[in-house]
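**Student:** Okay, handing you the structure first.
The values are calculated or read from the model by the stated rules, or taken from the named source; none is laboratory data. Since we're looking at a predicted model, the values are computed, not measured. Counting neighbours? That spans all protein chains shown, and the Cβs are built from the backbone with ideal geometry, glycine included. All accessible areas refer to the heavy atoms of the entire protein, side chains included, with ligands and DNA or RNA removed. Shrake-Rupley method; radii C 1.70, N 1.55, O 1.52, S 1.80 Å.
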Amino acid sequence: MDDKDFSMDDLKDPEKMKRLVMKYAQTEAFKIWGGFALVAFFVFFMFSSGDFSFLLTLSSLVSVFSFLMVAMKIQNGSSCKGVSLKMMECYLVIFFFRLCAIVPFEGYLPFDKSGDWFYQACECLGFCLAGLIVFFCRTRYAATYDPATDTFNHIYLGAGALGLSFIFHPNLNNFLPSDIAWAFALYLESVAVLCQLFMFMKEGQAQPHTSHFLAAQALAKIMSFIFWASSFSELSNPNHYIKAFVGNWVVCTQLVQLLVMGDFIYHYIRCIRKGIPVSQLLCSDNV
């Protein structure tokens, strides 16, 4: 059954439904996301009080899952091929500055029980995994990393994000350095994926693990976007002519990443629906 033959009527036919499920179950994406779904349900029942803010913890969990997937793939394959070192360096900085805002303070933590320690633990693990991937690219498997295809200047991304964070930052921690650190991490995260997307275009192909990584980052950003869009007013200060719009700015910057990744997400979903390897998502003939 190919994508052209699929229709909603097929879901009413038990035999066709069985073939459809078996087709998707054999794909790498199904196994990866199916495994993560089981972990997410376990975390929800064990560490959450069921509050809506658990969505922020789940967003962090999805992000950490994506880094773990890339680190394991590099270690098992002894190769950093297709991984953007510059993007990983950006994420290393992102996790560091976010931890500076959420470990000593509580302003940006979920109200959910998972915000007591689990959310911070996820961010800390993400920082360690990003550092491990940077180590792989720069040292252990440096011979397999191709800097000629990883050419997007991430210094400009960092400088722009830092400049914006000085102007547009919330004050939930009531401590200026930590509030700026949180905003800087958020703004840099919104554009960090550009390094990987440009690497895809340079190479003319997408590695499966980096494709799944970007898809997971998009999902994490959707969850984060939903959470902050529902509570963005808490980020703003109505008594300040600039900070009155901080909440709107925070939501917009997260939306920017989703728009930047829009074409990639579309082709990724098409690959999943057709049951073809996501490594072919840049091949228009297949997708």
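**Student:** On average, how much area does the Cα convex hull of the stretch 45-178 cover when viewed from any direction, in nm²?
**Tutor:** Details: hull surface 37.0 nm².
Averaged projected hull area, Cα only: 9.2 nm².
**Student:** What pairs in Lys113/Lys274; Lys31/Lys221; Lys73/Lys274; Lys73/Lys113; Lys113/Lys221 have C-alpha atoms more than 29 Å from each other?
**Tutor:** Working: Lys113/Lys274 39 Å; Lys31/Lys221 22 Å; Lys73/Lys274 24 Å; Lys73/Lys113 32 Å; Lys113/Lys221 21 Å.
Listed pairs above 29 Å: Lys113/Lys274; Lys73/Lys113.
**Student:** Solvent-accessible area per residue for the stretch 40-196 at a 1.4 Å probe radius, Å²? Don't jump to the answer; show the numbers that get you there.
**Tutor:** Numbers: 6680 Å² over 157 residues.
Normalised by residue count, the accessible surface of the stretch 40-196 is 43 Å².
**Student:** While we're looking at this one, here's another question. Highest mean first, what order results for 205-217, 107-119, 36-48 on Cβ atoms within 10 Å?
**Tutor:** Values: 205-217: 22.7, 107-119: 19.6, 36-48: 13.4.
So the order, starting with the most tightly packed, is 205-217, 107-119, 36-48.
**Student:** Starting with the highest mean, order 220-228, 253-261 by the number of other Cβ atoms within 10 Å, averaged over the residues of each peptide. Display every interim value, and only then the final one.
**Tutor:** Numbers: 220-228: 20.2, 253-261: 17.0.
My ranking of the peptides, most packed first, is 220-228, 253-261.
**Student:** Test of understanding: what is the full-extension gain from Thr139 to Leu176, defined as 0.36 nm times their sequence separation minus their Cα-Cα distance?
**Tutor:** Values: separation 37, 0.36 × 37 = 13.32 nm, distance 3.63 nm.
Extra length from Thr139 to Leu176 when fully extended: 9.7 nm.
**Student:** Obtain the nm distance between the two label points defined at Leu258 and Ala40 by a simple spin-label model: each point lies 7 Å from its Cα along the Cα-to-C-beta direction.
**Tutor:** It is 1.5 nm.
**Student:** What does the extension gain come out to for Met72 and Ile167, with contour length at 0.36 nm per residue minus their alpha carbon separation?
**Tutor:** Difference between extended and current length: 30.3 nm.
**Student:** Take the solvent-accessible surface of the protein heavy atoms, probe 1.4 Å, and return the percent of it on the stretch 57-177 that carbon and sulfur atoms account for.
**Tutor:** Solvent-exposed carbon and sulfur of the stretch 57-177 make up 68 percent of the total.
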